[in-house]
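Visitor: What follows is a structure written as structure tokens; I'll ask about it next.
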Amino acid sequence: MKRRGALLAAIATLAVACGPSVPKLPRLDADAVVLAFGDSLTFGTGASPQQAYPAELGRLISRKVVAAGVPGETSEEGLRRLPGVLEDVRPQLLILCHGGNDFLRKMDEGAAARNVREMIRIARERGVSVMLIATPKPGFGASRVPFYEEIGRELAIPVETEALADVLTASKYKSDLVHPNADGYAVIAKSVAKVLRKAGAV
């Protein structure tokens, strides 16, 4: 009985150490193109283009990462823009970071969720795998928005949930009230790369 209890305790400890499972992604070819799509957080406002998270991510995963961020863009505008960008870039993987401007403008959260789901559908319809970066709501601190993780569970998509919330609540990582600085973008890139590795993409 003692031996069985010790075994169960060891299994529980191992499960905690491993953390929650991450949905799997197809492994990226060595010459694969990754599309980082979003708003100013993807554009890299607050840092130079070479310091933005897509550029840093490309160095970390040794793949070409195309930055397609438009400052001020809402998820509805992103939804309209995405098909053309997918056609031009033809990526193997889409890293989607959208919703922040919807939250800043106090737009309907349900509509943002629907737009994100539709962007995922459009990408998958074209054979492109998808990863999400969760954007928090601004305010006192940064409150997490549940729909990103809900979509991740529903569609079996990896979601990076920590980086933006951590960066945007730490003054040392910010260039202004709502944008990271170069150090903040480096933290985001490392967190995204970690999720991609756990998902088996790299």
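Visitor: Identify the residue in segment 101-117 that is assigned to a helix (DSSP H, G or I) and of a type in the set (A, V, I, L, M) and, among all such residues, is surrounded by the fewest Cβ atoms within 10 Å (Cβ to Cβ).
Guide: 111
Visitor: On to the next question. Can you name every residue in segment 118-143 that is surrounded by fewer than 16 Cβ atoms within 10 Å (Cβ to Cβ), in a loop (DSSP other than H, G, I, E, B) and at negative phi?
Guide: 126, 140
Visitor: Do we find a residue being surrounded by 11 or more Cβ atoms within 10 Å (Cβ to Cβ), outside any loop (DSSP other than H, G, I, E, B), touching a Lys or Arg at 6+ places or on another chain (Cβ under 8 Å) and at pLDDT 95 or above anywhere in segment 23-39?
Guide: Initial filter on segment 23-39 (surrounded by 11 or more Cβ atoms within 10 Å (Cβ to Cβ)): 23-28, 32-39.
Right, trim to outside any loop (DSSP other than H, G, I, E, B) and you get 33-38.
Next, from what is left, pick out any that are touching a Lys or Arg at 6+ places or on another chain (Cβ under 8 Å): 33-34.
Checking which are at pLDDT 95 or above leaves us with 33-34.
Yes: segment 23-39 contains one or more residues that are surrounded by 11 or more Cβ atoms within 10 Å (Cβ to Cβ), outside any loop (DSSP other than H, G, I, E, B), touching a Lys or Arg at 6+ places or on another chain (Cβ under 8 Å) and at pLDDT 95 or above.
Visitor: Can you name the residue in segment 79-100 that is outside any strand (DSSP E or B) and within 15 Å of the chain's Cα centre (by Cα) and, of all such residues, is nearest to residue 30 (Cα to Cα)? Step through it out loud before you land on a result.
Guide: Taking segment 79-100 as the starting set, the residues that turn out to be outside any strand (DSSP E or B) are 79-92, 98-100.
Imposing the further condition that a residue be within 15 Å of the chain's Cα centre (by Cα) reduces the set to 98-100.
Working: 98: 27, 99: 31, 100: 32 Å.
Out of the qualifying residues, it is 98.
The values are calculated or read from the model by the stated rules, or taken from the named source; none is laboratory data. What you see is a predicted model; the values in this text were computed from it and never measured. Don't worry about glycine lacking a Cβ; one is built from the backbone with ideal geometry, like all the others, and counts go over all protein chains shown.
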